[in-house]
Amino acid sequence: MACETFEIDRLKTLIEINSLINSNYSDFDALLVYILKSAMRLVECESSSLFLPNQGNTVLNFRIALGPAGVQAMTIPVDINNSIAGWVFRNNKSLIIDDVQQDQRFFVAVQDRTGYKTENMISIPLRVKNSCVGVIQLLNKINGQKFTESDLGILELLGAQAGMAYEVAGQFKTVQDENSILRSRMQYGDE
C-alpha cells in the first residue's frame, strides 16, 4: 500500500509540473529550478543539475545546480568527452550508476573543487524533437539507497515535459525579442 501511495504521489507531482510548464514561460530559469526540485522530490535525492552545451558542443555548463554544493559547481565547465553527463549528451541515452566513483566516465573536477562526494546518480537527456539539448542529473539517493528503473521511468517522463518546456520557452523568448525590436522600430522609427 505504501508503494502504491508513493507512485500515486509521483504521478500527481508530474501532473502539477505539467500544469506549471504549460502556464508560465516568462521566467524560464525559475521553471527549470521548479522542475529540478520536483525531480529531487520524485526520486528522493540530495542534488540535481541541468547541463547545457556551449556553442561548439565541447563543454557542458551548469545552467542550474541544486543541493549542498550547487553554488560552487555552477562555475565549473564539464568536459563533454570525459564525463558521465557528456556521455549522456553524446549518446542521447539515460544512465543509472550505482557507484559513480568506479565509473571511468566520472568527471572528478566537480567533486574535487566542491568537496561534495557523489555516490550514485541517474542522468537523463533533455530532448527537443528527439535530439539531446542538455542533461538532467540527479545525485545521491537518500538513505544510501540506489536509483531504480522506476525512478528512471518517472524521470524520463519528467524529462519529456522539460524538453517541451525548453522548446516552447525558446520560441517564447524569440517572439518576445522580435516583439521588442518591432516596438523599438515603431517608437524610434526604422533607421
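Computed from backbone phi with θ = phi - 60° and the Karplus coefficients 6.51, -1.76 and 1.60, the 3J(HN,Hα) list for segment 69-75 is 10, x, 5, 5, 5, 3, 8 Hz; x is used for glycine and proline. Cβ under 13 Å from residue 97's Cβ, residue 97 left aside: what net charge do those residues give with Lys, Arg +1 and Asp, Glu -1? Here the count lands on -1. If you take the alpha carbon atoms of segment 111-162 and fit the smallest convex hull around them, that volume is 90 Å³ per residue.
Give 12/141; 12/37; 12/129 a once-over and call out the pairs whose C-alpha atoms are over 19 Å from each other.
Those over the limit are 12/141; 12/129.
Only the coordinates and a few stated rules stand behind these numbers; no lab work does. What you are looking at is a predicted structure, and each value in this text was computed from that prediction instead of being measured. Heads up, the Cβs are rebuilt from the backbone with ideal geometry, glycines too, and the neighbour counts pull from every protein chain shown.
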